[in-house]
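Structure record follows, encoded as structure tokens.
Values in this text are rule-based calculations from the coordinates and carry no lab data. All of these numbers come straight from a predicted model, not from anything done at the bench. Here the Cβ positions follow ideal geometry from the backbone for every residue, glycine too, while neighbour counts run over all protein chains shown.
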Amino acid sequence: MRQPILTAAAFQALQSHHADARHWQLRDLFNEHPARFADFSVEAADLFLDYSKNRLNDTTMQLLFSLARERGIEPRRDAMFAGEKINTTERRAVLHTALRAPRDTMLRVDERNVIADVHAVLDRIQPFTERVRSGLWLGYGGKAITDIVNIGIGGSYLGPKMACQALRAYAHPRLTMHFVSNVDGNDLDALLQKVNPETTLFIIASKTFTTLETMMNAHSARTWFLTHGAATDLPKHFVAVSTNTDAVRAFGIDPENMFPFWDWVGGRYSIWSAIGLPVALAIGFDNFRQFLAGGHAMDQHFRSAPLEQNMPVILALIGVWYRNFFDSTSLSIAPYHQDLSDFPGYLQQLDMESNGKRVAVDGTALDAASCPVVWGDVGTNGQHAYFQLLHQGTDVIPVDFIAALKPGHGLAGHHAALLANCFAQSEAFMRGKTSGEARAEMQAQHMTAADIDALAPHKTFPGNRPSNTILMDALTPATLGALVALYEHKTFVQGVLWGVNSFDQWGVELGKVLAKNIQSELTGVPQPDRHDSSTNGLIARARAAM
Ligand code: G6Q
């Protein structure tokens, strides 16, 4: 029987500590502790984390590290790396870390050295990507591929799309990457109007090769292709990434053109596997290898650094501090890098699908809140939209700022402006503006006393709003790999602290079956006895319009 987090001694100590800590002001913490930045920052795998602008002190961190020890972070981490079947509801190992392990390492799971399997697939991905990129892989008209269309959804979509966008500076100039995920035909239709069948390569990416959206889009893409090319041309234009060889063959793709992965790779952790094929095609295999190496460097850090210097552990503990003690219901991700525009959406799945759970590993109801809502957008865009709420709203929402010190472009002035905004926002969240400061500003503008009185409450900022800042020298394949692995491990640590299985997703599985009945009723015979009046009414309106 698991121990509920509420009964953990360190959790209870944190509750008493919080009774004090909730009154602290970040301004005071900085004034009282000049070395705060140095003392509350950590470096790993070419990433730097400043966590000094958080409502915590040394005692808070010591108690949080005690909580981590009490909840067994270290043995659980070691069990994951060792390939133990920690995904208990699906009876699977969790080994995305093996996907980025060097060739000369060895890890046996069910009598197989999975590292050798991983590298055997990488050894097939390399020549394939080289042929496509060099122009040796030809479409049916004898021309090189110009457009690559990844058809996949969820974990078979968000990671590759995010990484292709993040690393677009490394992209091959001839290849345009496209991602089709939605079952809404508008998604595929819009794309098919743009691409030339002679020079388009489709990647059908699905771990199960049964997901409705992906299969429907794959069949429609094949039908479209066959109005241009012949069935014998299909192998030049369709490849698959999956764990399900039979279904790939049944679809009509030769297993020779299939890049496999394994059931121990969760969808949202699969970017490192053959699901990353679009990334390897876009940026080239050597760069893809750098991406894997960046992830591996973070793995090494996570495995070996003491908890007190362990970046994913620190990030996770701070998240739990806000979620379980300050009752924060959400976490905002603010990458100050346009190329990381898909990163908040990627993290949304990683975090919320992993830890959006209400029961513990043993099936008992959780006694404390689990995953917050994760959301965000790139800076500076967010500043002109929802940052108002972050500054002055009634909820305190922690923010993770992410920035690269060097730009990926040569436009004068832009990068200093970007970084200035990033640092200024975290400073403003931390300091706020007191009523006295707001009044002094208005007095300096010679405003009337009446106007100052009226406006002072509106121009006051409470401050004391926490944030982390993650910096990298530049956004490269390696630093992106380290960043993704950092958040993967943060998610893992929080899952262990809360006691949930971070690696199943029964809510997603439910969605995969729910629509099937109604779909047959929209096009076939309605079954009103199955539904309530609302659902029946909606079905009737849709049938009438069809
Ligand atoms: C991820 C989830 C889910 C999954 C998609 C696609 O962890 O399991 O997002 O990736 O439902 O599944 P397939 O790859 O099997 O099509």
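Quick notes on this one:
- Histogram of C-alpha separations across the range 212-326, 10 Å bin width, %: 11, 28, 27, 17, 12, 5, 0
- Using Cβ point charges alone (K and R +1, D and E -1), the dipole size of the chain about the Cα centre works out to roughly 500 debye.
- Positive-pole candidate from H219, N186, A163, dipole of the range 159-247, charges at beta carbon: A163
- Among the listed pairs K53/K433; K207/K236; K161/K406; K143/K194, those with a Cα-Cα distance over 19 Å are K207/K236; K161/K406.
- Helical mean residue ellipticity (222 nm; -39500 (n - 2.57) per DSSP H run of 4+; nearest 500) of the chain: -14500 deg cm²/dmol
- Net lengthening on full extension, D39/K406 (0.36 nm per residue, minus Cα-Cα): 129.6 nm
- Rg and Dmax over the alpha-carbon atoms of the chain stand at 25.5, 83 Å.
- For the range 1-123, a crude dipole built from +1 on the beta carbon of Lys and Arg and -1 on the beta carbon of Asp and Glu, taken about the Cα centre, is about 440 debye to the nearest 20.
- Potential extension, H219-V359 segment - 0.36 nm per residue separation minus Cα distance: 46.6 nm
- Among beta bridges that DSSP assigns inside the chain, antiparallel share in %, nearest 5: 30
- A Cβ-based charge dipole, computed about the Cα centre of the range 1-42 with Lys and Arg at +1 and Asp and Glu at -1, lands at about 200 debye.
- Between the beta carbons of N196 and A230, assuming R0 = 22 Å, the FRET efficiency works out to 0.85 to the nearest 0.05.
- Among 484-495, 357-368, the peptide with the highest mean count of other Cβ atoms within 10 Å heads the list, and the full ranking is 484-495, 357-368.
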